[in-house]
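Read the structure below first, then the notes.
The values are calculated or read from the model by the stated rules, or taken from the named source; none is laboratory data. As the structure is a prediction and not an experimental result, all values here were calculated from the model. Heads up, the Cβs are rebuilt from the backbone with ideal geometry, glycines too, and the neighbour counts pull from every protein chain shown. Accessible surface is based on the protein model in full, side chains and every heavy atom, while ligands, DNA and RNA are left aside. Shrake-Rupley method; radii C 1.70, N 1.55, O 1.52, S 1.80 Å.
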Amino acid sequence: MTLGCAWRAWAGRLPGAELKPYITYWGVDQANLPYRVVCYTAAWIDLLAPFALNAIGLVIAVVDGRWMMAELYRWLYYPIALAIVAATALDLTPRAKRSTQYEGAERAWFYVGIWTVVPSQLAGWAAWRLGGWLQMEAGQLAWVRFAVFYAVASVILVLGARGILPRTDRYHLEEAAPADTELSAAPTEQS
């Protein structure tokens with residue numbers, strides 16, 4: 001897998017590794033490239049499936065006192081992944097749509113997802129490690145992990161939705177701009 005990704009990046013066939021940016025103006029309606037659709041669909045699966053399963057598992061641990069992450073991954077990982085693939089097939093997955101017309105806003109939501117998922121997962125893991133070090137009992141540790149995970153996710157989600165975090169600002173086609181003029185003064189940096 002790593003060698004395959006490295007080879008595709010070297011060939012300029014991974015998002016962000018293109019020899020020149022594919023999207024140079026926000027709002028232009030052009031066909032999305034197949035490798036971008038596949039890569040962003042996989043990225044959304046990698047972001048949302050573990051986050052959703054950990055969020056569900058923490059709720060179950062707090063409400064019922066059972067830690068059942070292994071079962072949740074076994075039962076729900078592939079249905080969540082298939083739901084994301086189905087959303088892509090229905091042209092609903094941001095950055096994996098058939099057109100790049102709304103890329104300026106979809107890019108922002110992708111980074112909101114990254115900003116939300118990574119720190120909240122890391123905070124939940126750190127709470128678990130700290131709880132073990134402090135020799136917390138299982139029920140108390142479940143509550144601490146729940147509170148830390150959801151607090152971090154909530155704060156970062158709000159910051160990202162407001163466009164405060166890096167790469168979460170949204171660019172839209174200006175309503176009154178003719179089709180042949182330059183679009184908004186958006187940066188041409190792409191990833």
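Determine if region 170-180 includes at least one residue that is more than 14 Å from VAL62 (Cβ to Cβ), open to solvent by less than 80 Å² (accessible area, probe 1.4 Å) and at pLDDT below 50.
To start, the set of residues in region 170-180 that are more than 14 Å from VAL62 (Cβ to Cβ) comprises 170-180.
Within this subset, residues satisfying the condition of being open to solvent by less than 80 Å² (accessible area, probe 1.4 Å) are 170-171, 173, 177-178.
Filter once more, keeping what is at pLDDT below 50: 177-178.
Yes, there is a match, as at least one residue in region 170-180 is more than 14 Å from VAL62 (Cβ to Cβ), open to solvent by less than 80 Å² (accessible area, probe 1.4 Å) and at pLDDT below 50.
Candidates in region 86-111 are the residues that are in contact with a helix residue (DSSP H, G or I) (Cβ under 6 Å, 6 or more places away or on another chain) and modelled with pLDDT of 95 or more; of these, the one that is farthest from PHE51 (Cα to Cα) is THR88. Of TRP75, TRP67, all but one fail to be farther than 26 Å from VAL38 by Cα and more than 19 Å from the chain's Cα centre (by Cα); the exception is TRP67. Within region 123-146, the set of residues being surrounded by fewer than 13 Cβ atoms within 10 Å (Cβ to Cβ) and of a type outside the set (S, T, N, Q) comprises ARG129, GLY132, TRP133, LEU134, GLU137, ALA138, GLY139. Of all residue pairs spaced 6 or more apart or on separate chains, those with beta-carbon atoms under 8 Å, a first member in region 26-49 that is charged (D, E, K, R) and in a helix (DSSP H, G or I) and a second member that is surrounded by 15 or more Cβ atoms within 10 Å (Cβ to Cβ) and at pLDDT 85 or above are ARG36/ARG95; ARG36/ALA96.
Determine, yes or no, whether TRP7 is modelled with pLDDT under 90, assigned to a helix (DSSP H, G or I) and open to solvent by 40 Å² or more (accessible area, probe 1.4 Å). Outline the logic, then answer.
Details: modelled with pLDDT under 90: yes; assigned to a helix (DSSP H, G or I): yes; open to solvent by 40 Å² or more (accessible area, probe 1.4 Å): yes.
So TRP7 passes the test.
Checking each residue in region 63-73 for being modelled with pLDDT of 95 or more and open to solvent by less than 30 Å² (accessible area, probe 1.4 Å) picks out only LEU72.
Identify, please: which residue in region 118-152 is hydrophobic (A, V, I, L, M, F, W, C) and in contact (Cβ under 8 Å) with a residue 60 or more places away in the chain and is, among those, farthest from ALA55 (Cα to Cα)? Quick ask: steps written out before the conclusion?
The initial filter retains those residues of region 118-152 that are hydrophobic (A, V, I, L, M, F, W, C), namely 118, 122-123, 125-128, 130, 133-134, 136, 138, 141-144, 146-149, 151-152.
With the extra rule that they be in contact (Cβ under 8 Å) with a residue 60 or more places away in the chain, the set shrinks to 138, 142-143, 146, 149.
Values: ALA138: 17, ALA142: 12, TRP143: 12, PHE146: 8, PHE149: 8 Å.
Per the stated criteria, the residue is ALA138.
Considering only residues that are outside any loop (DSSP other than H, G, I, E, B) and either free of Cβ contacts under 8 Å to residues at least 12 places away in the same chain or open to solvent by 10 Å² or more (accessible area, probe 1.4 Å) (or both), which ones fall in region 91-106? Of everything in region 91-106, those that are outside any loop (DSSP other than H, G, I, E, B) and either free of Cβ contacts under 8 Å to residues at least 12 places away in the same chain or open to solvent by 10 Å² or more (accessible area, probe 1.4 Å) (or both) turn out to be SER99, ALA105, GLU106. Taking region 78-110 on its own, how many of its residues are over 12 Å from VAL37 (Cα atoms) and acidic (Asp, Glu)? Qualifying residue count for the region: 2.
Among SER154, SER120, which is the only one that is open to solvent by less than 50 Å² (accessible area, probe 1.4 Å), small (Gly, Ala, Ser), modelled with pLDDT of 95 or more and over 24 Å from VAL37 (Cα atoms)? Before you say what the answer is, go through the steps one by one.
Numbers: SER154 fails: open to solvent by less than 50 Å² (accessible area, probe 1.4 Å).
Among SER154, SER120, only SER120 is open to solvent by less than 50 Å² (accessible area, probe 1.4 Å), small (Gly, Ala, Ser), modelled with pLDDT of 95 or more and over 24 Å from VAL37 (Cα atoms).
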